[in-house]
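First comes the structure, then the notes that go with it.
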């Protein structure tokens with residue numbers, strides 16, 4: 001095994017251990033004091049059905065229904081957004097490409113808002129999907145020349161224009177329905193506090209999407225060299241791009257439907273990970289997933305542990321930490337050139 | 001055996017026809033150099049043969065099969081392309097060459113030991129194996145070109161297309177790389193088509209010459225038969241003289257006579 005690959009696997013395993021340690025630690029944090037052994041038993045009971053009966057029903061509700069929900073949501077959404085961002089950046093050969101810039105998140109948010117306004121919140125996820133897919137179709141139709149000819153900025157500009165339009169529609173919807181404003185604002189700011197009963201479908205979707213991107217890891221490597229190079233090496237460029245765009249849009253739609261628009265993860269995490277394990281997607285994608293989960297979990301932990309931040313949505317925290325970090329990366333790359 | 005044949009080929013972009021009525025047959029072991037002034041359709045021809053551009057009219061047959069019958073993957077097993085512009089990404093030289101194995105590796109597998117052996121022997125052939133762990137973007141132009149040729153070798157194709165393989169290279173690398181490609185065509189019985197600007201280099205190393213002017217074939221055949229000062233004058237619109245020196249032909253513009 002090559003040393004760089006060995007190093008990358010070590011980092012991946014270490015990061016996964018760190019993630020589970022922090023996740024377990026965050027289960028102990030909260031106004032009620034619950035012993036780690038009770039927490040472990042609740043987890044064993046809920047996940048593997050091994051019951052040890054050394055916890056009270058209230059402890060079970062707090063650990064499983066309240067804390068675990070929020071942590072699991074942070075892990076799933078963080079990894080989903082980071083994986084989507086990694087794919088978008090390679091497909092569009094643009095370090096600024098992520099689901100938000102292409103209007104996919106805004107489409108999902110508008111879809112989710114529409115389901116609230118239509119009193120059909122039980123269809124929240126399908127609506128968010130529908131919005132995300134519609135905005136992707138709209139953007140790729142407008143920027144289709146760009147997708148085929150490989151001029152990525154066409155598509156990015158179409159995405160930016162599309163998300164402005166969708167955000168305007170969202171604002172208009174809020175202004176016209178002032179009584180539901182607080183519900184919609186949640187999608188604009190991004191939050192993990194909403195109770196969702198769709199953790200399992202979300203887990204399934206993000207895992208399946210991630211596995212599909214892993215199957216196409218070598219295609220992504222070659223796509224990074226340019227569309228014509230990829231064709232010469234045997235990649236069916238248009239079909240692979242379309243498939244991966246649909247998969248990442250579904251992942252993004254699922255994330256947005258449960259957590260609102262959480263920015264900067266899809267932008268920053270792939271940058272950091274690429275610096276550490278290089279451009280090979282077979283290593284890039286899993287580490288992006290883990291670090292995306294870590295980043296969102298840590299950002300959410302801050303709002304839970306610092307009283308000052310407790311009422312701030314996590315989307316605001318990721319932006320507060322994410323944008324200066326992103327500027328720092330830009331500064332570093334600028335100085336190196 | 002004919003590896004590539006073009007019949008009444010018209011090619012270009014949409015309504016813009018760049019190449020018209022191209023007829024060409026390339027056999028195994030031939031090294032065809034395309035000699036043409038700038039902007040006369042060299043790259044369009046290479047792209048069309050490589051399947052990156054659909055022909056407007058006419059037929060391309062690759063190993064007796066119509067080009068359109070190949071899937072992307074199968075095409076990459078038959079044709080390798082060494083292009084002149086690659087987006088710079090931080091892959092190592094070894095990783096770049098391994099990408100040549102892409103069409104051979106099944107979707108749900110990872111590179112096998114056999115694939116790794118092919119990569120190593122391709123890199124050894126191209127004399128770039130010692131640089132396997134260097135980043136592609138850190139290599140010199142000559143080394144980059146060797147990596148791209150090693151990648152094409154790893155594809156184990158029957159047809160090799162090169163777009164200005166000697167651009168940006170010093171004279172030592174120009175001769176080294178063309179000699180290597182010449183030997184390759186002979187040894188592995190590959191068909192090679194290269195767009196080359198330097199007529200003297202093309203003369204030295206290729207077996208056949210193809211002159212393109214305004215998207216049409218001006219002359220085509222074995223180098224010593226097809227080359228004349230007239231055809232060069234017609235091609236470039238300026239006088240040329242041919243000189244023979246110990247059995248080798250040299251071309252130079254007649255401006256300085």
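Things to note:
- Fluctuation leader among A:92, A:204, A:123 - chain A, Gaussian network, Cα springs under 10 angstrom: A:204
- Take every DSSP beta bridge whose two residues both sit in chain B; close to 60 percent of them are antiparallel.
- Packing here is the average count of other Cβ atoms within 10 Å per residue, and on that basis the peptides B:70-82, A:95-107, highest first, run A:95-107, B:70-82.
- Degrees between helix A:237-259 axis and first principal axis of chain A (Cα, 0 to 90, nearest 10): 30
- For the segment A:221-230, counting C-beta atoms of other chains within 10 Å of every residue's C-beta and taking the mean gives 6.
- Estimated 222 nm signal from helices in chain A, with DSSP H stretches of n ≥ 4 weighted -39500 (n - 2.57), rounded to 500: -24000 deg cm²/dmol
- Percent RCO, i.e. relative contact order, over chain B, from Cα pairs under 8 Å lying at least 6 residues apart: 24
- Other protein chain C-beta atoms within 10 Å of residue C-beta, averaged over B:97-110: 3.
- When A:213, A:248, A:121, B:40 are sorted by how many other C-beta atoms sit within 10 angstrom of their C-beta, beginning with the fewest, the order is A:121, B:40, A:213, A:248.
- Sequence-separation-based contact order of region B:175-238, relative, with Cα cut under 8 Å and 6+ spacing, percent: 20
- Helix B:171-187 axis, angle to chain B major axis (alpha carbon atoms, nearest 10°): 80
- Note: relative contact order over chain A, using C-alpha pairs below 8 Å and six or more positions apart, is 27 percent.
- Gaussian network model of chain A, springs between alpha carbon atoms under 10 Å - residue of A:291, A:187, A:68 with greatest fluctuation: A:68
- Largest first and in whole Å, the equivalent-ellipsoid semi-axes of region B:161-231 read 21, 15, 12, each the square root of five times a Cα gyration tensor eigenvalue.
- Fewest-first sequence of A:162, B:63, A:255 by Cβ atoms within 10 Å of each Cβ: B:63, A:162, A:255
- Residue among A:301, A:311, A:323 with the largest mean-square fluctuation in a Gaussian network model of chain A, springs linking Cα atoms under 10 Å: A:311
- Here the protein assembly as shown carries DSSP beta bridges of which approximately 60% are antiparallel, counting only pairs with both residues inside.
- Residues B:43, B:134, A:20 arranged by fewest to most Cβ contacts within 10 Å: A:20, B:134, B:43
- Direction-averaged projected area, Cα convex hull, chain A: 19.0 nm², rounded to one decimal.
- Histogram of C-alpha separations across the protein assembly as shown, 20 Å bin width, %: 18, 42, 27, 11, 2, 0
- Angle in degrees between helix A:3-28 and the longest Cα principal axis of chain A, rounded to the nearest 10: 40
Quick note: the coordinates plus some simple rules give every number you see, no bench work behind them. As the structure is a prediction and not an experimental result, all values here were calculated from the model. Methodologically, a virtual Cβ is constructed for each residue, glycine included, from the backbone with ideal geometry; neighbour enumeration extends over all protein chains shown.
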